[in-house]
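Single-structure report; data block below.
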Amino acid sequence: MNKMKKVILLLLMISVALQAVEPKRIILNLTETPESSMAVTFRFYEEIDTAYVHYVENADDVKLHLRGDTLKVVPEIAYTDTTNEVAQYACSAILKDLEINTNYAYRVGDGKNWSPWYTFTTAEKGKKDFTMVYLGDPQWGYKTYLPRLYDEAIKTVPDAALWYVAGDLVDYPYEDWQWDAYFEGAQKVFANYPHIMAVGNHAYLWAYRDHRDKLPPTWQPHVTQPENGPEGLEETCYYVDYQGVRFIILNGNERLEEQSEWLKKVLKKNKNRWTIVGIHQGFYPCGWERDYPNYRALFMPLFEKYGVQLVLQGHDHAYTRTYPLKQGEIMDDPSKGVNYVISVSGAKQYPIKSKFDSLYVTKGEEGQQYFQTIDFSKDSLVYKSYTATGKCHDKLVIKK
Ligand SMILES: [Fe+2]
Ligand SMILES: [Fe+2]
């Protein structure tokens with residue numbers, strides 16, 4: 001090795017040594033007990049043995065780092081992808097025994113190097129009003145078009161209690177740069193608002209075609225979601241009760257019959273005042289003349305029998321909302337049927353092409369991004385959909 005090469009190698013080694021460890025892909029997820037716990041997921045691109053979540057009741061002073069509790073996490077090597085050969089160290093933590101309806105500051109790190117302080121608020125106990133955000137597929141435009149939508153949603157409902165994303169978070173899960181870009185573009189949103197995520201068909205796309213019926217190992221290291229669904233569908237099929245609203249998230253990609261059996265039980269024992277279903281695939285799809293009659297047969301009779309008010313979907317990269325429907329018929333009052341919405345948040349867009357045109361009360365315009373807000377209160381549910389510049393283009397009120 002000549003002298004010049006030795007110097008370059010030495011400089012490279014020094015720069016690697018000096019590189020600070022930095023936690024990445026930080027996200028909050030709701031747990032089954034949102035009034036007393038919170039899930040935090042993050043990872044490092046550097047090898048580390050032990051990670052920490054440091055959390056403390058939020059306050060205005062700059063001595064947070066001297067107070068609070070620390071939860072130790074053992075990182076696991078995360079399967080990455082075909083584009084990045086460096087191992088990554090994924091951390092999944094559930095903060096427990098938190099105070100009800102309390103604002104916390106938290107940070108994650110290796111004990112020396114920390115993320116910024118982020119915040120979250122635990123849920124109230126019982127049935128209390130709140131607002132949420134719902135997004136359709138992100139999938140394209142992670143650091144270009146999506147951040148402006150997040151900013152507009154935060155401006156519209158800064159105090160949203162939770163955000164729900166209807167799947168297809170990234171286009172190709174085996175391309176690790178996509179996860180990297182998705183989390184980077186959404187970092188503040190993910191770190192400050194607890195999320196519930198549905199799993200889309202793109203999460204199942206894998207470099208090897210014969211693996212497409214099985215969830216690849218890139219989903220679970222990115223989220224920490226409830227495991228109260230059917231066995232084998234942990235973190236993709238589950239429910240969360242939040243201040244009087246039951247959110248049931250279905251995995252529209254596999255084992256639908258089992259989920260239908262499970263759904264029946266979850267709907268039967270439900271004392272919440274509102275019931276919302278989230279699933280990636282649409283029951284009345286609006287793109288490519290797609291149709292999934294088996295989904296309707298398996299799930300819709302249950303939605304109708306047990307009074308699900310809203311079904312929040314993605315997959316079609318366009319916006320449609322149906323009339324309230326019961327047994328395929330249009331009802332005259334939104335509370336008398338099930339209301340099915342399909343929306344899109346990212347830059348990937350499809351034209352509306354559907355055999356269900358007559359069932360849509362509202363259709364979006366091609367090439368538009370949307371975000372939705374839902375206000376839950378005792379007597380009414382107010383749903384609104386907005387464009388990227390904050391124009392409200394659709395509104396639905398469901399009265400009790
Ligand atoms: Fe999809
Ligand atoms: Fe999609």
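The values are calculated or read from the model by the stated rules, or taken from the named source; none is laboratory data. Bear in mind that the values here come from a model prediction, so they are computed numbers and not experimental data. For neighbour counting, all protein chains shown are included, and Cβ atoms are generated from backbone atoms with ideal geometry for every residue, glycine included.
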Criterion: at positive phi, basic (Lys, Arg) and away from ligand 2 (no atom under 16 Å from the Cβ) - qualifying residue of 296, 255: 255
Some residue of segment 171-179 being under 25 Å from residue 120 (Cβ atoms) and in a loop (DSSP other than H, G, I, E, B): no
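Here are some residues: 278, 244, 252, 232. Which one is surrounded by fewer than 17 Cβ atoms within 10 Å (Cβ to Cβ) and in contact (Cβ under 8 Å) with a residue 12 or more places away in the chain? It would help to see each step written out before you state the result.
Working: 278 fails: surrounded by fewer than 17 Cβ atoms within 10 Å (Cβ to Cβ); 244 fails: surrounded by fewer than 17 Cβ atoms within 10 Å (Cβ to Cβ); 252 fails: surrounded by fewer than 17 Cβ atoms within 10 Å (Cβ to Cβ).
Among 278, 244, 252, 232, only 232 is surrounded by fewer than 17 Cβ atoms within 10 Å (Cβ to Cβ) and in contact (Cβ under 8 Å) with a residue 12 or more places away in the chain.
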Within segment 130-145, tally of residues that are in contact with a helix residue (DSSP H, G or I) (Cβ under 8 Å, 6 or more places away or on another chain), more than 15 Å from ligand 2 (Cβ to nearest atom) and either within 17 Å of residue 385 (Cβ to Cβ) or free of Cβ contacts under 8 Å to residues at least 24 places away in the same chain (or both): 1
Residue satisfying all of: in segment 304-345; of a type in the set (Gly, Ala, Ser) and farther than 18 Å from residue 363 by Cβ; farthest from ligand 1 (Cβ to nearest atom) among these: 335
Qualifying residues in segment 26-77 (those that are assigned to a loop (DSSP other than H, G, I, E, B), touching a residue at least 24 places away in the same chain (Cβ under 8 Å) and of a type in the set (S, T, N, Q)) - the one surrounded by the fewest Cβ atoms within 10 Å (Cβ to Cβ): 50
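Please return the ranges of strands (runs of 3 or more DSSP E) entirely within segment 201-289 where 3 or more residues are aromatic (Phe, Trp, Tyr).
Details: elements: 238-242, 245-249, 274-278.
It comes to 238-242.
Looking at this structure, is residue 102 without any contact (Cβ under 8 Å) to a residue 12 or more places away in the chain and closer than 30 Å to residue 270 by Cα? Lay out the reasoning, then the answer.
Values: without any contact (Cβ under 8 Å) to a residue 12 or more places away in the chain: no; closer than 30 Å to residue 270 by Cα: yes.
No; evaluated as a whole, the condition is false for this residue.
Before we move on, is residue 308 outside any loop (DSSP other than H, G, I, E, B), in the same structural domain as residue 227 (by TED's automatic domain parsing), of a type in the set (A, V, I, L, M, F, W, C) and crowded, with 16+ Cβ neighbours inside 10 Å? Steps first, please.
Details: outside any loop (DSSP other than H, G, I, E, B): no; in the same structural domain as residue 227 (by TED's automatic domain parsing): yes; of a type in the set (A, V, I, L, M, F, W, C): yes; crowded, with 16+ Cβ neighbours inside 10 Å: yes.
No; evaluated as a whole, the condition is false for this residue.
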From the options 159, 168, residue that is touching a residue at least 24 places away in the same chain (Cβ under 8 Å) and within 16 Å of ligand 2 (Cβ to nearest atom): 168
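Could you pull out every one of the strands (runs of 3 or more DSSP E) wholly within segment 323-400 that has 2 or more residues that are buried (at least 22 other Cβ atoms within 10 Å of the Cβ)?
On the way: elements: 339-342, 360-363, 370-376, 380-387, 392-399.
The qualifying strands (runs of 3 or more DSSP E) are 339-342, 370-376, 380-387.
Conditions (1) within 19 Å of residue 89 (Cβ to Cβ); (2) at pLDDT 95 or above; (3) not aromatic (Phe, Trp, Tyr), marked per residue:
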| site | (1), (2), (3) |
| --- | --- |
| 4 | no, no, yes |
| 7 | no, no, yes |
| 17 | yes, no, yes |
| 24 | yes, yes, yes |
| 30 | no, yes, yes |
| 37 | no, yes, yes |
| 46 | yes, no, yes |
| 52 | yes, yes, no |
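Here is a yes/no grid of residues against (1) closer than 17 Å to residue 327 by Cα; (2) in contact with a strand residue (DSSP E or B) (Cβ under 7 Å, 6 or more places away or on another chain); (3) among the charged types (D, E, K, R):
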residue	(1), (2), (3)
249	no, yes, no
255	no, no, yes
271	no, no, yes
280	no, yes, no
286	no, yes, no
290	no, no, yes
296	yes, no, yes
308	yes, yes, no
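State all residues of segment 290-336 that are among the small types (Gly, Ala, Ser) and more than 14 Å from residue 277 (Cα to Cα); if no residue qualifies, say none.
297, 318, 328, 335
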Residue in segment 136-143 that is basic (Lys, Arg), assigned to a strand (DSSP E or B) and either within 20 Å of the chain's Cα centre (by Cα) or at pLDDT 95 or above (or both) present: no
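Any residue at all in segment 114-127 that is polar (S, T, N, Q), surrounded by fewer than 24 Cβ atoms within 10 Å (Cβ to Cβ) and part of a loop (DSSP other than H, G, I, E, B)? Break it down stepwise before answering.
Taking segment 114-127 as the starting set, the residues that turn out to be polar (S, T, N, Q) are 115, 119, 121-122.
So of that shortlist, the ones also surrounded by fewer than 24 Cβ atoms within 10 Å (Cβ to Cβ) come out as 115, 119, 121-122.
Subsequent filtering for residues that are part of a loop (DSSP other than H, G, I, E, B) retains 115, 122.
Yes: segment 114-127 contains one or more residues that are polar (S, T, N, Q), surrounded by fewer than 24 Cβ atoms within 10 Å (Cβ to Cβ) and part of a loop (DSSP other than H, G, I, E, B).
Evaluate segment 146-154: report whether one residue or more is at pLDDT 95 or above and within 16 Å of ligand 2 (Cβ to nearest atom). Walk me through it before giving the result.
Narrowing segment 146-154 to residues at pLDDT 95 or above: 146-154.
Pick out the ones that are also within 16 Å of ligand 2 (Cβ to nearest atom) and you get 146, 149.
Within segment 146-154, one or more residues are at pLDDT 95 or above and within 16 Å of ligand 2 (Cβ to nearest atom).
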Condition met for residue 237 (modelled with pLDDT of 95 or more and within 16 Å of ligand 1 (Cβ to nearest atom)): no
